[in-house]
Amino acid sequence: MKFELYKIFCRRTTVVILVMFFLLSGVFMMQSFTDSSERLAYVSNEGLRQTHIYWARWDNYNTMSVIEATGNLGELPYGGWLFPRERWIPFQADVDSPIIQRIVDMYRQVEIPDDAMSYTDVWWHIFNQGGNFILWLFGLSFIVIIGVAPVFAEERSTGVDKIILTSKHGKNKLIANKIIASLLFATVIYLAYFTLITIPRLLRFNVDLQQVMQVNFAPFSQSPYSYLMSEFLIRYFAVGLLSYLLLCMMGLTISALSRNPFIAIIPSLGLFFVTLFDIRFISVGLHRFFTLFPANSIGQTDVWHVPDFYNIFGLLIDRPTMTVIFSAVSICVLAASCVLITKRMEASN
Amino acid sequence: MELKIQNVTKKYKDLVAVNAFDGTLTPGIYGLLGPNGAGKTTLLRVVCALTRPTEGKVLYGNMEIEKLGAEYRKVLGFMPQNFGYYPHFKTERYLEYIASIKGLNPHYAKNKISSLLELVGLTEKRKSKVGHLSGGMRQRLGIAQALLNDPDVLILDEPTAGLDPEERVKFRNLISTISQEKITILSTHIITDVAYIASDILLMKEGHLTFRGSVDALIGMVQGKVWSTTVESCEIGGITKNYIVSNVQNTADQTELRIISGDKPTNDAVQVEPTLEDAYLFYTGEIGTAGGPENEI
């Protein structure tokens, strides 16, 4: 196992992009750290606070009314990362449908506390600083893909597989170690990044996580979720981690199919990018299917738009047990695919 | 300890890479000779259980190697052609990695690695990255990894390819040293690699085993069939069309040819003592070919 981890972490390409990523993101984090401090000063501005609360409540009421009356979710952000806003198509749903009823109920239950513009604004700024956070998450996805793409393919391209497959432990231990090492790799780098963006701020701003509501997180109150900040962070971490593990397994499966590490990267990146396109104007069904992919679930920083109820991830976010089951099943299915593919493939020539 | 290769045939679609290969191997060094494409590597892949034969089976201790699985791999050491490595691994770490997948006890592996590095002359390079080693050093590292589990069956596929003559001599001596009490199959198309150390020669051509026996027996097969003759340059073309020519040597105004033939090729041809190379060409060469790079010595 330690050797498989060593192979992934100590590959020159991986080391270079990891160092670059954490250096650059660290610099940007420091920048936003300063900005956040400035925003913290607004908290004491009573006028700003009242304005913020007013607009948040108004937006919450307005959104709820529109959905209740028309079932139209089209005015809200809707999944997909590339071209999501330019391509908005009003999405009409049956007002009596259980899902609309459920969304409206959730909006009704949203509480916008009197101290709405407190530390929340700082956190909002951290996660939504001009899309940087999303970009960094995508950067992290590339690292996962580049890190795991050679895991199986490299053995074949270098010919080491012939040595490995004639050794005592052979395929079984090899495959298990590679899968576990790759999942650990994805976990470690995600954990490192999540720690980098949260812990310094928790220490610096001394945010009371039980007081800050996630509802203020989204631009005004378009989100029907009403989590405490602590709940939000835990859920966001869990969803993000599961997404990266799923992405890791997708990359590994492609690597198992490929005989060349570089060629393994191309379809992995292709699959990653294609699912980012908002293609509702072509096929709503296909678009919903694409929103199931990790690239989209980790990109939902605005945070979890209403139409996400229409995809499995949206529903799962609201149901953590199902989230875990769905992702675990997906990961297991992909792991089983890796095992089958690798076992069936003959050693390289 | 016996390795029985029973009527093994391996086909790739219409291509028959190995055709009804049959033989029993006991401890000793076997030189597997044959031109490129003769099926040597495919046979070794079958023996290493890297690929299943289309027909026939390989038995170790009267059990099929497929059924033995890990038990067979436990006693197997394999150095493949184009030996693969991780360039960013240090020599010692690479061996530790192979030792771990061979299921060796870490403490035992550590001692074994030290002794093997010493045996193959890489002790000073234990902290060097594999990618920075010379071709010869890497081949020696390949031998070391194959020996980690102290195998009873040692398969070396073209281990001397790309080495300079001095390295090849060293390598040969090394193989001779380590192969005692093992079934060692040394595949090569470089004849001198096996001439000095092999107890038996297995000669393959177009997937068939065309000869099996000692080096002397192989040479004996062409006794009286090797000729030396001196001809004018303009006659060379005619002779090479009709005979197997194992050597062409130009002198000042004439050319000396070494010809393998059952009949006297020219009136002034004289019989000469055959070499292993002559015997090899007799079995594998085709009329119309002169001894060329393929039969490099």
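The figures follow:
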| quantity | calculated |
| --- | --- |
| Residue exposure sequence - A:F194, A:F185 - by fewest surrounding Cβ within 10 Å | A:F194, A:F185 |
| Label-point separation, A:I263 to B:N111 (7 Å along Cα→Cβ), nm | 4.6 |
| Inter-chain shielding of B:37-47 (mean C-beta neighbours from other protein chains, 10 Å cut-off) | 1 |
| FRET E, pair A:L340, A:D94, Förster distance 30 Å, beta-carbon r, rounded to 0.05 | 0.10 |
| Neighbour-count order for A:W55, A:W136, B:W227, fewest beta carbons within 10 angstrom listed first | A:W55, A:W136, B:W227 |
| Along principal axes, Cα extents of the stretch B:108-234, largest first, whole Å | 59, 36, 24 |
| B:E66-B:R52 pseudo-label distance in nm [points 7 Å out on the Cα-to-Cβ vector] | 0.4 |
| Relative contact order (%) - chain B, alpha-carbon pairs under 8 angstrom, separation at least six | 21 |
| When each of A:K168/B:K13; A:K2/B:K74; B:K40/B:K110; A:K7/B:K67 is checked by Cα-Cα distance, pairs over 26 Å | A:K168/B:K13; B:K40/B:K110; A:K7/B:K67 |
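All of the numbers you see were taken from the coordinates with simple rules; none came from a lab. The model shown is predicted, which means the values in this text are computed figures rather than measured ones. Reconstructed Cβ throughout: ideal geometry from the backbone, glycine too, with neighbour counts over all protein chains shown.
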